[in-house]
1. Give the residues of region 391-409 that are surrounded by 14 or more Cβ atoms within 10 Å (Cβ to Cβ) and either under 20 Å from residue 426 (Cβ atoms) or over 30 Å from the mean Cα position of the chain (by Cα) (or both), sorted by residue number.
2. Going by the structure shown, is residue 96 over 24 Å from residue 166 (Cα atoms) and either at pLDDT 75 or above or buried (at least 19 other Cβ atoms within 10 Å of the Cβ) (or both)?
3. So residue 107 fits all but one of (1) more than 26 Å from the chain's Cα centre (by Cα); (2) surrounded by fewer than 16 Cβ atoms within 10 Å (Cβ to Cβ); (3) over 28 Å from residue 77 (Cβ atoms); (4) modelled with pLDDT under 85; what number is the exception?
4. Can we say residue 380 is closer than 30 Å to residue 160 by Cβ, modelled with pLDDT of 80 or more and surrounded by 15 or more Cβ atoms within 10 Å (Cβ to Cβ)?
5. Among the residues that make up region 448-470, is at least one of them buried (at least 21 other Cβ atoms within 10 Å of the Cβ) and assigned to a strand (DSSP E or B)?
6. Within region 215-233, take every residue that is in a helix (DSSP H, G or I) and modelled with pLDDT of 90 or more and give me the one that is surrounded by the fewest Cβ atoms within 10 Å (Cβ to Cβ).
7. Given the condition on the phi > 0 side of the Ramachandran plot and either more than 18 Å from the chain's Cα centre (by Cα) or buried (at least 23 other Cβ atoms within 10 Å of the Cβ) (or both), answer yes or no: does some residue in region 244-260 qualify?
8. From 521, 487, 503, grab the single residue that is under 23 Å from residue 292 (Cβ atoms), modelled with pLDDT of 85 or more and surrounded by fewer than 23 Cβ atoms within 10 Å (Cβ to Cβ).
């Protein structure tokens, strides 16, 4: 049931006609429905959230609006004009919709100014047609208007992640302003997971830009998996479930549990952490002594059987580097590693895997799995050297193992022949976890294991990890997601300037305690 909009800062948005209205939109792929007639409307002067589990239809909706897919039925109304599908390769951009996708669509070698000019009519015939003086003035005005301290001459690779995100947003705004002279006031901006790759402490800078868009009467649709972000920045939220609209409500007074119930259709069930089984009479499964990397400085660490150790800190503090140093995929500057009490000479990924230590990296698309290969081919990688006989690969046995793993881990679709790149983020991560869990590792190193993963898949991943830990595996989880650490970790190490500054255990692991520990050094 749709509730009244949160009117804080939305200038009477609840009484205004929507700038964007989607009604009864349908889409099927190979006869399988992805959207069963979804509805959503976004009003001027509001930030509207869109939530849903992986596979709920969020991405399909955005791709239809952006022109990647054609709808099978339903209507879309933008600025009061009803538009029929197919929308063409530009989607609804010509109707005043601007898009910021998760990858931001920015070329690292181009300058901010060049990116802002790319959409200008006529530039396809060459840069010579651009009035660079006028273009620079326009870009500088946009940057000043949204209080973004970026040099238009700077190349994208010189910018921080949050600066890149803000540039992508104002690029979309600038593009809309070129084509909206004959339309009613207010722009429509759609952002698809813009904060996934941003450090937590910088997300607020992007939200400031969204607030300015809202306050000037624009309509912003924000797609996100992060419930706290939705509660913080949006006025209303719509939830998709299994290709249908589960509901729309105000976020004023809403709680995480309210949103989880809409997403899953059931109350949230927390994962029981249990107690760490630390065996003091045995050496740690993995030990680091005075290790140094690019940012890590003289850090000591022990990982024991039967525990989940979380590690966190501010971006650039060094916590993100630790999994690669422990695995050997990044060389140690100094210090030493031990596997089960045995010193490791010249650590490397091969030596780590031989000792039962595996790594699941943060960037699963480029480092964790091969998108162009099948789930079976991805899951078989750890076993090919041992099971292949000459040039013959036992695909039958490997296929059965992959099939069993897909069913056990609830990978959707449970088909090993499916292309890995076609799986949702949560299902890709479950497939990667299954691949390495099938090797029966002693130690698993996780780097942002639920980044971009919906709450349903997230809960399944937590259960998989806790089940493995109960059997004696040790887990290191490096993440900036405090909620994840609260739910999963037995102890948490807080890193600052490459060194461990604090350790929290058991019931002392709360979001407030983690935030206090992480920001303590900065505040002082």
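1. 393, 394, 395, 398, 402, 403, 404, 405, 406, 408, 409
2. The answer is no for residue 96.
3. All conditions pass for residue 107, except number (1).
4. No; evaluated as a whole, the condition is false for this residue.
5. Within region 448-470, none of the residues are buried (at least 21 other Cβ atoms within 10 Å of the Cβ) and assigned to a strand (DSSP E or B).
6. Going residue by residue through region 215-233, those that are in a helix (DSSP H, G or I) are 215, 227-233.
With modelled with pLDDT of 90 or more added as a condition, the list becomes 230-233.
Details: 230: 24, 231: 18, 232: 13, 233: 23.
This residue is 232.
7. Scanning region 244-260, I find at least one residue that is on the phi > 0 side of the Ramachandran plot and either more than 18 Å from the chain's Cα centre (by Cα) or buried (at least 23 other Cβ atoms within 10 Å of the Cβ) (or both), so the answer is yes.
8. Exactly one residue qualifies, and that residue is 503.
The values are calculated or read from the model by the stated rules, or taken from the named source; none is laboratory data. The model shown is predicted, which means the values in this text are computed figures rather than measured ones. We place every Cβ from the backbone using ideal geometry, glycine too, and count neighbours over all the protein chains shown.
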